[in-house]
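Q: Structure incoming, see below.
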Amino acid sequence: MKEKYYNEMELMICAAARIFEDGVSVSVGTGVPCAAVMLSQKLYAPNILILFEAGGIAPLLPSMPISVGDKNTMYKALQTTSVSDAMEMNQRGLVDYCFLGGAQIDMYGNLNSTVIGSHDNPKVRFPGSGGANDFASSAWRTIIVSPHSSRRFTNNIDFITTPGYLNGPNSREKAGLPQGTGPYKIITNLAVMNFDNDEKRMALESVHPGVSVDDVVKNTGFELLIDEHIEQTEPPSEDELRILRNEVDPYRVVIGKKAQ
Amino acid sequence: MDAIGELLGYEDPDKMREFFRKKSKKLENKIMKLSDAVSEFVAESDYMAIGGFGLVRIPTAFLHEVIKQQRKVATCAFFTSNYDTDLVLINGIMKSVDMSYGIALEALGSPKVLRKYFENGGIKVTEWSNGALAWRYKAAAMGLSFLPIRSMLGTDTEKYSAAEEIICPFSGKKYLAVPALYPDIAVIHVHEADMYGNAHIKGVLVADVDIAKASKKVIITAERIVDTEYFRNNPQNTTIPFYLVDAVVEVPYGGYPAEMPYEYLFDIDYFKRFLQAAESEETFDKFIKENIYECKDFNEFISLNGGVERIKELRNLELGLKGSEL
């Protein structure tokens, strides 16, 4: 096999960047989501509207932010506003996509970023929801990026910080969440997944080059819906890699990290 | 779903109307020394709200002084928080807190010794999302007892919060009622303020305007004091008006090591040293002793970490004057 000319992180960012149509609005944080949106802005969706929850709206991101409120998130921004204003844009239906990570994820796309163990006496305490719950409640489509392992992809999720499809079909609507919202795609270092329209369960969409369906199954702690024919994820193009390495993340803040 | 989290920071809106009725609306000189502002305003029974966003525009000088004076507060909101609430934890563990985001410096990592306070069950957490806490401040800012929102529904974040589900009388939809949050004291760092407390914030506002409206006592720390004519001539720059404010403290570079938008970038090297020190109790105690207790004032803390030269570098980085690689 030909030696890979890209790493897992680069592949994840490129796969994510291709999702956005030109002109859509996206709520993002730092890290992989931000890199993907920047790449998309430079290559596929020049009119993408980027929102940061601290209040930076429509910046021309010069390079990767470290904090959701830092100078890059307001670099040549067209508006600097408040957390409530940014969240109200989501609640009003103005935001097409949000982009999240999490420590654990279950087959309905519910995410845990709060605790491992019991809530009141946790083994590990994570930072908590931040803006993730608001985004995934109200943005039309949620995209999730995560390293892929059976420890992370589990139905024994310790805490639902952020809603996916909760308990399955209609449970978001029953809970009171806005209609027609929910997880859309999950991108890992092994594969791209989406959600079955009827069952609202996670389904395999494509496996990355050099990864087998079996690898994905082994690293997933619950049963994935798998079609007979599974495509291979398109590897990063030369254009994507050039812009990602030279313009989006020249200091390798994100692409220099291990995906796992 | 019935939420089981503890309700913190809530007040009856009519009680708060009485409180705000009595608050002075006079144009009075409110300038104070940093040490006096801390000793006069911070009380052990307080619910504290902190302005800014974690690594951006936080009232560091004020929080360092709180530690130096070994003042404790009863609780605070871990809202978009990083270094700010980490500092509040140093003076003593609080029994219970509101949290939407805490004990992590975003992309930089998490201070281990402070995380441990939560991992041994020592601090009880009422969970929220960032939106929910921002709307709790907003409800109070509006003089209400709650706001209906569409976040948190159906999740464990809702279960461990202190919110209540309600049915909208118009649409019949299920909403989450988040209780108003009226902090006892708020500390907000701004770019410039006048002696009366009129304050100008550049860049992202986070929740600071609503926090200032919602809080019983509001302390403004400012990079510089300006003449009131500045606001008289540019009233659109009054981000926080004088009638909300109780004290004004001038502290140049008072946000350091956090970022002050359009003025200086955060000091990533300082935060790396802080996180490294937080790997063990021993190294952390030493770090806090050197950087806070043993510094006679905030200037000495800045000198210890590179002084005006370092601030100049951070200013160049912020303004992109040379090598804006961060």
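The values are calculated or read from the model by the stated rules, or taken from the named source; none is laboratory data. All values derive from a computational prediction rather than experimental measurement. Ideal geometry is used to build each Cβ from the backbone, glycine not excepted, and the neighbour counts take in all protein chains shown.
Q: State which residue is surrounded by the most Cβ atoms within 10 Å (Cβ to Cβ) when the search covers only segment B:124-144 and only residues that are more than 19 Å from the chain's Cα centre (by Cα), part of a loop (DSSP other than H, G, I, E, B) and on the phi < 0 side of the Ramachandran plot.
A: The extreme case among them is B:MET142.
Q: Here's something else I'd like to know. Which ones in segment B:134-146 are under 27 Å from A:SER118 (Cα atoms) and either facing chain A (nearest Cβ under 8 Å) or free of Cβ contacts under 8 Å to residues at least 24 places away in the same chain (or both)?
A: Within segment B:134-146, just B:ALA134 meets the criteria.
Q: Restricting segment B:242-278 to residues that are surrounded by fewer than 24 Cβ atoms within 10 Å (Cβ to Cβ) and charged (D, E, K, R), which is nearest to B:ARG315 (Cα to Cα)?
A: Here the answer is B:GLU263.
Q: Considering segment A:216-260 alone, what residues qualify as being among the acidic types (Asp, Glu), assigned to a loop (DSSP other than H, G, I, E, B) and touching a residue at least 24 places away in the same chain (Cβ under 8 Å)?
A: A:GLU223, A:ASP227, A:GLU234, A:ASP249 - these are the residues of segment A:216-260 that are among the acidic types (Asp, Glu), assigned to a loop (DSSP other than H, G, I, E, B) and touching a residue at least 24 places away in the same chain (Cβ under 8 Å).
Q: Of everything in segment B:147-171 that's touching a residue at least 40 places away in the same chain (Cβ under 8 Å) and of a type in the set (Gly, Ala, Ser), which residue is farthest from the other protein chains (Cβ to nearest Cβ)?
A: Going through the qualifying residues, I end up with B:ALA162.
Q: Give me a count of the residues in segment A:162-199 that are within 9 Å of chain B (Cβ to nearest Cβ) and either within 20 Å of the chain's Cα centre (by Cα) or acidic (Asp, Glu) (or both).
A: 6
Q: All but one of (1) under 16 Å from B:GLY51 (Cβ atoms); (2) more than 7 Å from chain B (Cβ to nearest Cβ) hold for A:MET64; which doesn't?
A: That leaves (1) as the condition not met.
Q: List the number of the failed condition for A:GLY101; all other conditions in (1) farther than 21 Å from B:GLU158 by Cα; (2) in contact with a Ser or Thr (Cβ under 7 Å, 6 or more places away or on another chain) hold.
A: A:GLY101 satisfies every listed condition except (1).
Q: Hey, any hits in segment A:206-226 for a residue that's surrounded by fewer than 24 Cβ atoms within 10 Å (Cβ to Cβ) and within 14 Å of chain B (Cβ to nearest Cβ)?
A: No, because not a single residue in segment A:206-226 is surrounded by fewer than 24 Cβ atoms within 10 Å (Cβ to Cβ) and within 14 Å of chain B (Cβ to nearest Cβ).
Q: Residues of segment A:138-176 being outside any loop (DSSP other than H, G, I, E, B) and under 27 Å from A:MET9 (Cα atoms), which ones? Outline the logic, then answer.
A: Pass one, segment A:138-176, residues outside any loop (DSSP other than H, G, I, E, B): A:138, A:141-145, A:153, A:162, A:171-175.
Result: A:ARG141, A:THR142, A:ILE143, A:ILE144, A:VAL145, A:PHE153, A:THR162.
Q: Is it the case that segment A:87-104 has a residue that's crowded, with 21+ Cβ neighbours inside 10 Å, at the interface with chain B (Cβ under 9 Å from one of its Cβ atoms) and touching a residue at least 12 places away in the same chain (Cβ under 8 Å)?
A: Yes: one or more hits.
Q: Can you name the residue in segment B:279-321 that is outside any helix (DSSP H, G or I) and within 14 Å of chain A (Cβ to nearest Cβ) and, of all such residues, is surrounded by the fewest Cβ atoms within 10 Å (Cβ to Cβ)?
A: Here the answer is B:LEU321.
Q: Please work out if A:ARG201 is modelled with pLDDT of 95 or more and either hydroxyl-bearing (Ser, Thr, Tyr) or buried (at least 18 other Cβ atoms within 10 Å of the Cβ) (or both).
A: Working: modelled with pLDDT of 95 or more: yes; either hydroxyl-bearing (Ser, Thr, Tyr) or buried (at least 18 other Cβ atoms within 10 Å of the Cβ) (or both): yes.
Judged against the criteria, A:ARG201 is a match.
Q: Say whether the condition of being under 20 Å from the mean Cα position of the chain (by Cα), of a type in the set (Gly, Ala, Ser) and buried (at least 23 other Cβ atoms within 10 Å of the Cβ) is met by at least one residue in segment A:26-33.
A: yes
Q: Oh, and also: Given the structure, is B:LYS202 within 13 Å of chain A (Cβ to nearest Cβ), within 30 Å of A:ARG172 (Cβ to Cβ) and modelled with pLDDT of 95 or more?
A: Considered against the rule, which asks whether it is within 13 Å of chain A (Cβ to nearest Cβ), within 30 Å of A:ARG172 (Cβ to Cβ) and modelled with pLDDT of 95 or more, B:LYS202 comes out as no.
Q: Give segment B:51-87 a look and list any residue that's of a type in the set (A, V, I, L, M), more than 17 Å from A:PRO127 (Cα to Cα) and in contact with a helix residue (DSSP H, G or I) (Cβ under 7 Å, 6 or more places away or on another chain), or say none.
A: Within segment B:51-87, B:ILE58, B:ALA61, B:LEU63, B:VAL66, B:ILE67, B:VAL73 meet the criteria.
Q: Only one of A:SER84, A:SER113 is at pLDDT 95 or above and facing chain B (nearest Cβ under 8 Å). Can you tell me which?
A: So the residue among A:SER84, A:SER113 that is at pLDDT 95 or above and facing chain B (nearest Cβ under 8 Å) is A:SER84.
Q: Can you name every residue in segment B:173-198 that is outside any strand (DSSP E or B) and more than 11 Å from chain A (Cβ to nearest Cβ)? It would help to see each step written out before you state the result.
A: The first filter runs over segment B:173-198 and keeps only residues outside any strand (DSSP E or B), leaving B:173, B:180-184, B:194-198.
Of everything in segment B:173-198, those that are outside any strand (DSSP E or B) and more than 11 Å from chain A (Cβ to nearest Cβ) turn out to be B:ALA180, B:LEU181, B:TYR182, B:PRO183, B:ASP184, B:ASP194, B:MET195, B:TYR196, B:GLY197, B:ASN198.
Q: All but one of (1) free of Cβ contacts under 8 Å to residues at least 60 places away in the same chain; (2) surrounded by 24 or more Cβ atoms within 10 Å (Cβ to Cβ) hold for B:GLU119; state the number of the condition that does not hold.
A: With respect to (1) free of Cβ contacts under 8 Å to residues at least 60 places away in the same chain; (2) surrounded by 24 or more Cβ atoms within 10 Å (Cβ to Cβ), B:GLU119 is out only on (2).
Q: Hey, among B:GLU28, B:GLU11, which residue is surrounded by 15 or more Cβ atoms within 10 Å (Cβ to Cβ), in contact (Cβ under 8 Å) with a residue 12 or more places away in the chain and part of a loop (DSSP other than H, G, I, E, B)?
A: B:GLU11
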